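In what follows, a single structure is set out as structure tokens and then discussed.
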Amino acid sequence: MTAPILYCNRESGHSYKVALALRLMGVPYEQRPVDLNLPREQRSADFRAVSLFGEVPVYVDEDGLAVCQSNAILDYAARRYAKLDGRTPATRVRVREWLAWEANRLAMSFPHLRFSRRFTRADPVLEAWWAARMQSDFECLDRHLQGMPFLVGDAPTIADISCCGYLFWTGQADVDLAPWPAIIAWLERIRSLPGWSAPYDLLIASPPISAGTRT
Ligand SMILES: N[C@@H](CCC(=O)N[C@@H](CS)C(=O)NCC(=O)O)C(=O)O
């Protein structure tokens with residue numbers, strides 16, 4: 001058995017989700033940065049060998065099993081380490097519903113808007129579409145969090161970790177969270193969890209995103 005490895009990038013909120021979950025679970029592992037400026041076929045051979053889709057994050061566990069896709073990794077880690085999961089079959093189902101929602105909704109709006117505004121500008125029509133979709137996603141999240149400390153009840157789960165992954169970077173996209181106070185309060189609760197660390201404190205240095213890079 002060897003220490004698990006997380007292939008990641010410092011500007012990737014999907015990588016941050018996994019790094020944060022492992023930190024909160026107390027799982028020791030090694031981070032290996034991936035240069036996202038390079039075409040996929042030029043990325044390191046060890047990364048290409050484990051990355052089914054050519055993207056970060058990829059987690060390689062103690063037994064050498066490689067798991068791709070941030071939410072699949074969160075699901076795997078919650079089961080393997082028996083942490084940050086629902087306590088009953090019904091709540092574990094709720095947790096996975098949020099993972100699927102995040103992948104289809106949240107991950108398709110704000111991360112793209114942030115990448116466009118911070119790194120490589122996309123077509124304004126696309127930006128407008130992401131911004132509109134983000135509004136609707138943030139409204140859904142905010143509505144759900146009103147009167148509920150975490151997405152699935154009283155304790156944090158991988159659902160929270162998945163959905164918060166990019167939201168500590170709203171300032172980078174000039175998005176003000178003021179219209180969504182329940183999200184602000186929820187992020188504050190996540191920040192207060194023992195072991196919480198901000199994205200740039202948790203993820204090791206990677207080659208900076210170059211002008212023109214698209215992900
Ligand atoms: N659905 C994937 C998305 C992963 C993703 O978009 N990764 C980006 C960085 S955040 C990436 O590796 N981009 C580089 C590339 O596609 O070549 C997940 O949840 O892990």
- Task: State the extension gain, in nm to one decimal, for the chain segment bounded by Val50 and Glu30, taking 0.36 nm per residue of separation less the distance between their alpha-carbons.
- Result: 5.7 nm
- Fully extended, how many nm does the chain gain between Leu193 and Gln172 (0.36 nm per residue separation, minus their Cα-Cα distance)? 5.2 nm
- Task: Round to the nearest 0.05 the FRET efficiency obtained for Met148 and Leu38 when R0 = 25 Å and r is the Cβ-Cβ distance.
- Result: 0.05
- Where a label projected 7 Å from the Cα of Tyr200 along Cα→Cβ would reach, residues of the range 154-176 with amide N under 17 Å: 166-175
- Message: For a protection proxy built on the mean count of beta-carbon atoms within 10 angstrom, sort 189-200, 14-25 highest first, please.
- Response: 14-25, 189-200
- Taking the radius of gyration and the Kirkwood hydrodynamic radius from Cα positions alone, what is the Rg/Rh ratio for the chain, to two decimal places? 0.95
- Task: For every helix of n ≥ 4 consecutive DSSP H residues, a contribution of -39,500 (n - 2.57) applies; sum these over the chain, divide by its total residues, and give [θ] at 222 nm rounded to the nearest 500 deg cm²/dmol.
- Result: -14000 deg cm²/dmol
- Zone of Ala185's modelled label, taken as backbone nitrogen in the range 120-163 under 18 Å from a point 7 Å along Cα→Cβ: 138-157, 160
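No value in this document is a laboratory result; all are computed from the given coordinates. Treat the numbers as computed from the prediction; the structure is a model and nothing was measured. Neighbour counts are summed over all protein chains in view; Cβ atoms, including those assigned to glycine, are modelled from backbone coordinates with ideal geometry.
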